Amino acid sequence: MMTSATRQPPRLRGMSVTELEQLLVEAGFEKYRAVQLFQWLQRRGARSLAEMKNLPAALQRWLAENTELGGIASVATMKRSADGSYKFLFQLDDGRKIESVLMPDPIRNYWTLCVSSQVGCAVDCKFCVTGLNGFFRQLRVDEIVDQILFSRHQLLTDNPDANFRNLVYMGMGEPLLNTEAVLKSIRILTHAEGVNLSPRRVTVSTSGIVPGMIELAESNTGVCLALSLNAPSQAEREAVMPITKKYPLADVLNVCRKYQFGRHKRVTFEYVLLHGVNDQEEHAHRLRKLVRGIPCKMNLIPFNPNGALPYERPDREAVDRFSKILTDDHLTVSVRWSKALDVDGACGQLAGQFRQRRTTAPAAVAEMPPDLDFFSPTAADSDEE
Ligand code: SAH
Ligand code: SF4
């Protein structure tokens, strides 16, 4: 049992308004101070108690003595890609590291942040360097929330007019194996007194953790779901995503049929195209049949290379052929030629401190086609406003 001597002080950045109210009232302060504190932390992104000018000195003192701000400990590195993206390597309070990637959409003029939900990942997908390195620990709510607070702060420092708008849980880790913290972070980040993200611009991406998908659907947070499909059948999916043995493809797709995610009630399927493995025309035909009847969009992601992984990226023609078979069947398809590839910030390249040495050269970023429908689950929604 924890004694009061070893008890961890509450971490303010991971607390809801209700929890802050309870904390402050129990300590003898007025309840309304909790909203002020929440606004400082979340809406204004204060990095220190000293900035919180409208809080009385007695409350500031009490907070300094009895709480922590929490969040990330420091920024180990921050890199800028030729395409404008930022890749942050954050150091946590136990020395572990995680990555977040902040990407511009120069056409629609907004930014999307891709956050990590765990240190490493236990799911072991064969094409992903995060999976290759294994699982270390769950991220706490304050560590998830602070990825947003810190990167927004950096972005607005560099460009005060920037529109920080979309959030995707597509960084390191499987968000639905850390569902409690992920859901709580979503509630904090969509709170009107805080960052106030619109739920329809928040997307949780999963490898298909059935209980977590149901919990997300039933959470009433209204956020979108992206499912990493990656193969057109049970056997082929098991080969690249062993988690399919535990949560069979049929069960995963049934959740997509039965439950509703996001305002438009359309799931986004992600499909990493691996040259010679799942990118042939017959795969596309079977994929088309597999998802028929499910309201969805298909997001094709040409494999992002890492020297430690035994796969290759298909060429543009193969991607176009694959895509056409799906669009011919009236599916909405987008191709994600990932951003931040030149700083190892693309999908599946986030390795934290266990970065593998790359042995294959990155494709030239300048040659990437513009990604008009980047992270389309939320982008499409926003155009309707
Ligand atoms: N664990 C979650 C979210 C993080 S992975 C999930 O698997 O959905 C985010 C996306 O990156 C997934 O769609 C995954 O299939 C994709 N991905 C992983 N490795 C990749 C790689 N090397 N190239 C391209 N996409 C990759
Ligand atoms: Fe984990 Fe997602 Fe990578 Fe699979 S693709 S190993 S679930 S982070």
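Test of understanding: what is the full-extension gain from residue 61 to residue 254, defined as 0.36 nm times their sequence separation minus their Cα-Cα distance?
Computed gain between residue 61 and residue 254 is 64.2 nm.
Quantify, in whole percent, the carbon and sulfur part of the accessible surface of the stretch 74-343 (1.4 Å probe; protein heavy atoms only).
So the carbon and sulfur contribution to the accessible surface is 49 percent.
Taking a probe of 1.4 Å, how large is the accessible area per residue of the chain, in Å²?
Spelled out: the 1.4 Å probe surface of the chain, per residue, equals 42 Å².
Let a ≥ b ≥ c be the square roots of the eigenvalues of the Cα gyration tensor of the stretch 127-251; is it rounded (a/c under 1.5), or, if not, prolate (a/b larger than b/c) or oblate?
The shape class here is prolate.
Can you compute the helix-only [θ] at 222 nm over the chain? Use -39500 (n - 2.57) per DSSP H run of at least 4 residues, normalise by all residues, nearest 500 deg cm²/dmol.
-9000 deg cm²/dmol
Pick from 137, 152, 292: which residue has the top mean-square fluctuation in a GNM of the chain where Cα pairs under 10 Å get a spring?
Of 137, 152, 292, the Gaussian network model singles out 292 as fluctuating most.
Which of the GluC sites (Glu not before Pro) found in the stretch 272-324 are in a DSSP loop and have at most 16 neighbouring Cβ atoms, other than their own, within 10 Å?
312
By accessible area of protein heavy atoms, probe 1.4 Å, what ranking do 268, 190 get, highest first?
190, 268
Name the most mobile residue of 119, 291, 141, meaning the one with the largest mean-square fluctuation, in a Gaussian network model of the chain with Cα contacts below 10 Å.
291
Please compute, for the alpha-carbon atoms of the chain, the extent along each of the three principal axes and give them in descending order in Å.
Rounded to whole Å, the extents work out to 69, 46, 42 Å.
Using the Cα gyration tensor of the stretch 11-69, with a ≥ b ≥ c the square roots of its eigenvalues, what is the shape: rounded (a/c below 1.5), prolate (a/b larger than b/c) or oblate (neither)?
Because its axes are fairly even, with a/c under 1.5, the stretch 11-69 counts as rounded.
Which value in nm describes the separation of the simple spin-label points at residue 161 and residue 122, placed 7 Å from the Cα toward the beta carbon?
4.8
List residues of the stretch 173-206, by number, whose backbone nitrogen lies under 13 Å from a label position 7 Å along Cα→C-beta of residue 263.
Once the point is set 7 Å along Cα→Cβ of residue 263, 197-202 turn out to lie under 13 Å by backbone N, inside the stretch 173-206.
Would you work out which of 234, 110, 303 lies farthest towards the positive end of the dipole of the chain? Charges go on Cβ: Lys and Arg +1, Asp and Glu -1.
With unit charges placed on the Cβ atoms, the residue in question is 234.
Of the listed peptides 162-172, 27-37, 213-223, what is their order by residue-averaged count of other C-beta atoms within 10 Å, with the highest listed first?
Most protected by this proxy first, the peptides run 162-172, 213-223, 27-37.
Shape call for the stretch 224-353 from the C-alpha gyration tensor, a ≥ b ≥ c root eigenvalues: rounded (a/c under 1.5), prolate (a/b greater than b/c) or oblate?
Note, shape of the stretch 224-353 comes out rounded.
The values are calculated or read from the model by the stated rules, or taken from the named source; none is laboratory data. Computed from a predicted model, the values in this text were never measured in an experiment. FYI the Cβ positions are ideal-geometry reconstructions off the backbone, even for glycines, and counts take in every protein chain you see. Surface areas here come from the heavy atoms of the whole protein model, side chains and all, with no ligands, DNA or RNA. Shrake-Rupley method; radii C 1.70, N 1.55, O 1.52, S 1.80 Å.
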